[in-house]
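The values are calculated or read from the model by the stated rules, or taken from the named source; none is laboratory data. None of the values given here were measured: they were computed from a predicted structure. Please note: Cβ atoms are built from the backbone with ideal geometry, for glycine as well, and neighbour counts cover all protein chains shown. Note: accessible area is taken over every heavy atom of the protein model, side chains too, but ligands, DNA and RNA are not part of it. Shrake-Rupley method; radii C 1.70, N 1.55, O 1.52, S 1.80 Å.
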Amino acid sequence: MKIIIVGCGKVGKTLAEELNKEDNEVTVIDRRYAEVESLSNKFDVMGVVGNGASYKTQMEAGIEKADILIAVTGSDELNLLCCLIAKRAGNCQTIARVRNPEYSEEIGFVKGALGLAMTINPEFAAAQEIARVLRFPSAIKIDTFAKGRVEMLKFRVPGESRLNGMLVMNIAPKLGADVLVCAVERDGEIFIPKGDFRLQEKDVVSIIAGPKKASDFFKKIGIETHQVKDTMIVGGGDTGYYLAKLLQPMGIGIKLIEQNEERCNLLSELLPKAQIIHADGSEQIVLIEEGVGQAEAFVALTNIDEENVMLSLFARSQTSGKIATKINRMDFDRVIKELDLDTTVYPKKITALYILQFVRAMKNSIGCNVETMYRILDDKAEALEFVVKDSSELPGIPLEKLKIKENTLVACIIRGRQIIIPRGKDEMRVGDSVVVVTTTLGLKDIRDVISVRKQ
């Protein structure tokens, strides 16, 4: 596909790198010559220096033949203008990053009026991810498939857990749990486990199951599954506002600490059921006085990454509750992971992932049948949802008789309303949605990793 990206910030760079890996023809536009040159040289993409909202610049970038234009500059208005011009100049699909909460209330109108294929709000997307894990605090991260009917949950094996020392093949018969272990992280290594893989304390395990089955599984291994009753949020910016707005209907009590008095007054009007505290949340005495030790969840959402990390580490020393931390910069991902901060959320990474999912879904019409895609395990593996088509030779053959590529696992089969955690005798049928976990990145078709075994 021919894709134009306007804006060479962190999101633009991530998109350029990932889309280029998947054999797309990528062109980037930015006013800054140094950024365009750096990106062009590093990822072998085309570069145009100029204003992305200029008709002339877009024509130079090849808008007439483009399939998608993605506008991810720092300005909402510029992004929308870029998309409007692209629709008229090239009649391509358009995606805009729109962050201002004022637009969020009317984004449906804006999307329809400008003919946008998709809008993405990084702060709202980050708030949604945090809200999901507060609903299920045992999980570090939750991804969804089949429109929410199937979940992939990531959690750490506690020291006293029944899972410690258990073989993967014994989980279902010994615990009576209808879940599938699809990935394990241990000491920096990534495993797509087979039945004889033995779990250990502190392993970070990803399982796949329906929401109720997952809840039953956690209860059987002695991990609490109820959503938090209350949460303390430090930082009343856009993400803090969106998160509080999402948590209120869930019946979760909210204590939000914000340093700016004017912002506190606004939040008090927008969130009448939340407790808004005007104070400096970076001061330990403030957190202690406001009850951080008794909070079932603590969320650090200031605009400074280092402050969020320190706040979360302090909160961990005070409470056994759920901890979530917003990180803006993606450069130190590996270092931050070693700090064991529980759940970390990267708005820029989420934005890039959502857009990549949309681009892959668009490819359905030109040979790719990927419905949903998540990068997991430090981007070293993917969990993908495919639709089995009648042109495939796979339907009707038991999984045990198929040739499945090394480090690839058929994790789930969704057949109508039925969710099947597959065993060797199960088979795929035409129309099924199939979730596959694999270390082979950039898949376009399930037949790239699964084929009929030759007799």
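Residues in the stretch 302-330 that are touching a Ser or Thr at 6+ places or on another chain (Cβ under 8 Å) and open to solvent by less than 40 Å² (accessible area, probe 1.4 Å): T302, N308, V309, L311, S312, K322, I323, A324, T325, K326, I327. G188 fulfils the conditions (1) open to solvent by 50 Å² or more (accessible area, probe 1.4 Å); (2) of a type in the set (G, A, S); (3) touching a residue at least 24 places away in the same chain (Cβ under 8 Å) except for a single criterion, (3).
Considering only residues in the stretch 263-299 that are open to solvent by 60 Å² or more (accessible area, probe 1.4 Å) and acidic (D, E), the one that is farthest from the chain's Cα centre (by Cα) turns out to be E289. So which residues in the stretch 117-130 are open to solvent by less than 30 Å² (accessible area, probe 1.4 Å) and not in a strand (DSSP E or B), if there are any at all? Hits for the stretch 117-130 are A117, N121, P122, E123, A125, A126, A127, E129, I130.
Note on the stretch 91-105: among residues that are modelled with pLDDT under 85 and not hydroxyl-bearing (S, T, Y), the one that is least open to solvent (accessible area, probe 1.4 Å) is P101. Criterion applied to A146, A96, A183 was being more than 25 Å from V410 (Cα to Cα) and of a type in the set (G, A, S), and the one residue passing it is A96. Can you tell me which residues in the stretch 13-22 are out of contact with any Lys or Arg (no Cβ under 9 Å at 6 or more places or on another chain) and surrounded by fewer than 22 Cβ atoms within 10 Å (Cβ to Cβ)? Hits for the stretch 13-22 are N20, K21. Please verify whether I413 is free of Cβ contacts under 8 Å to residues at least 24 places away in the same chain and either of a type in the set (S, T, Y) or under 27 Å from R375 (Cβ atoms) (or both), treating the condition exactly as stated. Yes, satisfied. Restricting attention to the stretch 23-44, the residues being of a type in the set (D, E) and either crowded, with 19+ Cβ neighbours inside 10 Å or under 17 Å from S75 (Cβ atoms) (or both) number 2.
Taking the condition in a helix (DSSP H, G or I), surrounded by fewer than 22 Cβ atoms within 10 Å (Cβ to Cβ), at negative phi and out of contact with any Asp or Glu (no Cβ under 8 Å at 6 or more places or on another chain), does V133 pass? No: the conditions fail for V133.
Of the residues in the stretch 50-65, how many are within 18 Å of L15 (Cβ to Cβ) and open to solvent by 10 Å² or more (accessible area, probe 1.4 Å)? The qualifying residues number 2.
In the stretch 238-262, the qualifying residues are those that are of a type in the set (D, E) and under 29 Å from the mean Cα position of the chain (by Cα), and the one that is surrounded by the most Cβ atoms within 10 Å (Cβ to Cβ) is E258. Within the stretch 265-305, being out of contact with any Cys (no Cβ under 6 Å at 6 or more places or on another chain), in a strand (DSSP E or B) and among the aliphatic types (A, V, I, L, M) holds for I277, A297, V299, A300. Of all positions in the stretch 78-94, none carries a residue that is within 28 Å of I327 (Cβ to Cβ), in a strand (DSSP E or B) and in contact with a strand residue (DSSP E or B) (Cβ under 7 Å, 6 or more places away or on another chain). For first residues located in the stretch 278-297 and farther than 11 Å from T319 by Cβ, partners that are in a loop (DSSP other than H, G, I, E, B) and of a type in the set (S, T, N, Q) and lie 6+ apart or on another chain with Cβ distances below 9 Å form the pairs H278/Q259; H278/N260; A279/Q259; D280/Q259; G281/Q259; G281/T302; S282/Q259; S282/T302. Listed by position, the helices (runs of 4 or more DSSP H) enclosed by the stretch 1-75 that each have at least 2 residues that are farther than 25 Å from L114 by Cα and either more than 24 Å from the chain's Cα centre (by Cα) or free of Cβ contacts under 8 Å to residues at least 40 places away in the same chain (or both) are 10-21, 33-43.
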